[in-house]
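Since the structure comes first, as structure tokens, the remarks are kept for the end.
The values are calculated or read from the model by the stated rules, or taken from the named source; none is laboratory data. Note that the coordinates shown come from a computational prediction; the quantities given were computed from them, not determined experimentally. Cβ: placed from backbone, ideal geometry, glycine included. Neighbour counts: every protein chain shown. Accessible surface areas use protein heavy atoms only, side chains included; no ligands, DNA or RNA. Shrake-Rupley method; radii C 1.70, N 1.55, O 1.52, S 1.80 Å.
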Amino acid sequence: PQKPVDFAKPAPPAPDYTFPQDENQVEIPFTLANGHIYVEVKLAGKGPFLMLLDAGGANVLFPQTASALGGAPQAAAAAGSTGATGESAAVVRVPSMDVGGIALANQAFVTLPLAGQFQRIEGVDHVAGIVGYELFKRFPTRIDYAARKIVFYAPSQWTYQGKGVKVPIQFSEHIPQVEGSIDGIDGVFDIDTGSRSS
């Protein structure tokens, strides 16, 4: 006979983040450029660095940012070679990521040489990388496009108050999705702050 505890759901891991002392929410400004949200992020105590906020985007650093942090790649990523540059993707561990005073510990970033595309296609200079999924999966978040600000809430202290409609979401890998319809045709739709298209 086995004890019921042997088959019980494991306890969730301890939070890997901290909020500023005595705060249960953090409000930060953002820049809206070419339909994309950019926020300032401190990495390993350095910065701030300008980064694209992408709800479905895993942590990405551009190689020059990784070099500035002095982090040695720990492993080659599955992405392999990333195109004409011949540079390979790699994984870099960053001991801390700070967004508006919220500190996340021990974040893994993939390095990809995409900075030139942001300058050429997006018209935004000095972009250091991409963040998003690791924030959105941890914190209730409010994006106010009109006021150009984002509020991240401590999950344990947050209760929704408003007139919004609750919509269940599911995930396809890192991408949040909702069910909906267009012209009566049902489907599943990505919610992607990193994409300006519909």
| Separation between the Lys3 and Glu27 pseudo-spin-labels, each 7 Å from Cα along Cα→Cβ, expressed in nm? | 4.9 nm
| request: Quantify, in whole percent, the carbon and sulfur part of the accessible surface of the chain (1.4 Å probe; protein heavy atoms only). | output: 52 percent
| request: Would you work out which of Gly162, Ile185, His174 lies farthest towards the positive end of the dipole of segment 137-198, given +1 charges on the beta-carbon of Lys and Arg and -1 on that of Asp and Glu, about the Cα centre? | output: Gly162
| Taking a quarter of the surface of the convex hull around the Cα atoms of the chain, what do you get in nm²? | 16.4 nm²
| note | Per residue, accessible area of the chain with a 1.4 Å probe, heavy atoms of protein chains only, in Å², comes to 61 Å²
| Cα gyration tensor shape of segment 83-198, rounded if a/c is under 1.5, else prolate or oblate by comparing a/b with b/c | oblate
| task | Give the peptides 25-35, 55-65 in descending order of average Cβ contacts within 10 Å, highest first. | result | 55-65, 25-35
